[in-house]
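J.: Can you keep this structure in mind? I'll have questions shortly.
The values are calculated or read from the model by the stated rules, or taken from the named source; none is laboratory data. Worth saying up front: this structure is predicted, and the values here are computed from it rather than measured. All Cβ positions, glycine included, derive from the backbone under ideal geometry; neighbour counts span all protein chains shown. All accessible areas refer to the heavy atoms of the entire protein, side chains included, with ligands and DNA or RNA removed. Shrake-Rupley method; radii C 1.70, N 1.55, O 1.52, S 1.80 Å.
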Amino acid sequence: TNQQDNQFQLLQGDVQSNHAKFTTEQTDKLSHLTSTIESLIDSSVTSCESRLAQSFESTVQNLSDSMLNRLNLVAGDVAIIRTDVSSELTNYSHRLESTENQFNQRFA
């Protein structure tokens, strides 16, 4: 029985050693897996952030271009209106001058 006790203790030691080794290996694998998952998440987040930034910049550029086009159209309309008003004022000035001349000729 002494021999059996010794064998049992040796077996128990082997089981404990194997258990510790297995636990360490599993912990290492879990740590590696966790690190890999974190790396993948970081990479995905970075990629999403980059695409979002590019999309935002593109949207802002498109809006900017659109607003610039609209401003150019408005500026063109303003120039046309300014020309029309200037022309009307010139015509009005000529009519006024003509009326003044006619008035002066009749009553001078």
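J.: For residue 95 and residue 73, what is the calculated FRET efficiency with R₀ set at 30 Å and r taken between the beta-carbons, to the nearest 0.05?
T.: It comes out at approximately 0.35.
J.: While we're looking at this one, here's another question. Roll a 1.4 Å probe over the protein chains and send me the accessible area per residue for the chain in Å².
T.: Accessible surface, normalised per residue, equals 93 Å².
J.: State to the nearest 20 debye the size of the charge dipole of the chain about its Cα centre, where the only charges are +1 on K and R beta carbons and -1 on D and E beta carbons.
T.: 500 debye
J.: Also: Which label marks the calculated value of Rg/Rh (Cα atoms, Kirkwood Rh), given the options (i) 1.03; (ii) 1.27; (iii) 1.93?
T.: Computed from the coordinates, Rg/Rh (Cα atoms, Kirkwood Rh) corresponds to (iii).
J.: Then there's this: Between the range 44-108 and the range 2-29, how many Å separate their Cα centres?
T.: Cα centroid to Cα centroid, the span is 89 Å.
J.: Each label point is 7 Å from the Cα along the Cα-to-Cβ direction; what then is the distance between the points at residue 12 and residue 104, in nm?
T.: About 13.4 nm, to one decimal.
J.: If you don't mind, another one. Quickly work out the residue 83-to-residue 40 label distance, labels modelled 7 Å from Cα along the C-beta direction, and quote it in nm with one decimal.
T.: Reported label-point gap for residue 40 and residue 83 is 6.5 nm.
J.: Given a 1.4 angstrom probe, I'd like the percentage of the accessible area of the range 17-92 that is carbon and sulfur, rounded to a whole number.
T.: C and S fraction of accessible area: 62 percent.
J.: Using only DSSP helix segments of four residues or longer, with each worth -39500 (n - 2.57), what per-residue ellipticity at 222 nm results for the chain after dividing by its residue count and rounding to 500? Walk me through the numbers before you get to the answer.
T.: Values: 1 runs with 106 residues, N = 108.
That comes out to -38000 deg cm²/dmol.
J.: What are the ³J(HN,Hα) couplings of the range 55-66, residue after residue, when phi is run through the Karplus curve with 6.51, -1.76, 1.60 and θ = phi - 60°? Round to Hz, x for glycine and proline.
T.: Here the 3J(HN,Hα) series is 5, 5, 4, 5, 5, 4, 5, 5, 5, 4, 4, 4 Hz.
J.: Could you go through the range 84-100 in sequence order and give the Karplus-derived ³J(HN,Hα) for each residue, using 6.51 cos²θ - 1.76 cosθ + 1.60 with θ = phi - 60°, rounded to whole Hz, and x for Gly and Pro?
T.: Taking θ as phi minus 60°, the curve returns 4, 5, 4, 4, 5, 5, 4, 4, 4, 4, 5, 5, 4, 5, 5, 5, 5 Hz for the range 84-100.
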